[in-house]
1. Out of (1) over 31 Å from the mean Cα position of the chain (by Cα); (2) within 12 Å of GLN145 (Cα to Cα), the odd one out for GLU113 is which?
2. Does ASN79 satisfy being surrounded by 11 or more Cβ atoms within 10 Å (Cβ to Cβ) and at pLDDT 95 or above?
3. For segment 113-142, how many residues are surrounded by 10 or more Cβ atoms within 10 Å (Cβ to Cβ), out of contact with any helix residue (DSSP H, G or I) (no Cβ under 9 Å at 6 or more places or on another chain) and at pLDDT below 90?
4. Among all residue pairs at least 6 apart or on different chains, which show Cβ distances below 6 Å where the first residue, located in segment 113-131, is assigned by TED's automatic domain parsing to the domain that holds ASN103 and within 21 Å of PHE100 (Cα to Cα) and the second is of a type in the set (A, V, I, L, M) and loosely packed, with under 14 Cβ neighbours inside 10 Å?
5. Quick one: LEU93 ticks every box in (1) at pLDDT 90 or above; (2) out of contact with any helix residue (DSSP H, G or I) (no Cβ under 6 Å at 6 or more places or on another chain); (3) not acidic (Asp, Glu) bar one, so which box is it?
Amino acid sequence: MARDPQPASDLFTQIDISAASQGDASSKVHGHAGHQTQLLHQILAALDRNNELLEEVVAHSTASQRQRADELRHWRKANPGLADACKQASEALARVQAEFLHNLTQEIQDNAEAMQDGEFVFNEFVDRFGPRLAHLNGVLQMLSQLSHAPQPAQDD
């Protein structure tokens with residue numbers, strides 16, 4: 001999008017309202033109003049282009065989501081036993097995750113002051129829980145996606 005840089009002085013001009021220059025003041029006001037109208041038209045055109053781009057992004061995103069949902073649906077039909085196993089594993093791993101989060105929160109409560117006071121205790125906590133939590137969440141998300149039927153896309 002090409003922009004017309006306008007100096008600030010053009011936007012904020014002084015208008016002479018003295019009695020001697022009433023004819024000139026009228027033409028200056030109309031010229032200034034024309035300039036403002038031109039700027040408003042440029043802003044409107046930029047907003048219209050922005051809306052068009054946003055509509056394209058939404059359309060692309062929706063198409064990608066539909067394609068992924070179709071792929072998962074086909075995979076589930078081709079592997080019904082594995083999809084059921086993923087569901088059972090997902091449920092079991094969710095229980096493991098709940099226990100892990102309970103231990104994590106207990107660790108935080110027990111060592112909150114030490115974590116605030118010293119960087120060593122905090123780094124130890126992050127090293128101990130961070131990677132396992134990230135990997136656990138990734139595996140749980142994958143199992144969950146493979147085991148559950150996708151929600152139908154809603155069209156507006």
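1. Here GLU113 meets the rest and fails (2).
2. Details: surrounded by 11 or more Cβ atoms within 10 Å (Cβ to Cβ): yes; at pLDDT 95 or above: no.
In short, no.
3. So the count comes out to 2.
4. If the second residue must be of a type in the set (A, V, I, L, M) and loosely packed, with under 14 Cβ neighbours inside 10 Å, the pairs left are VAL121/ALA114.
5. Answer for LEU93: the failing condition is (2).
The values are calculated or read from the model by the stated rules, or taken from the named source; none is laboratory data. The shown structure was predicted, so the numbers you read here are calculated from the model rather than taken from an experiment. Please note: Cβ atoms are built from the backbone with ideal geometry, for glycine as well, and neighbour counts cover all protein chains shown.
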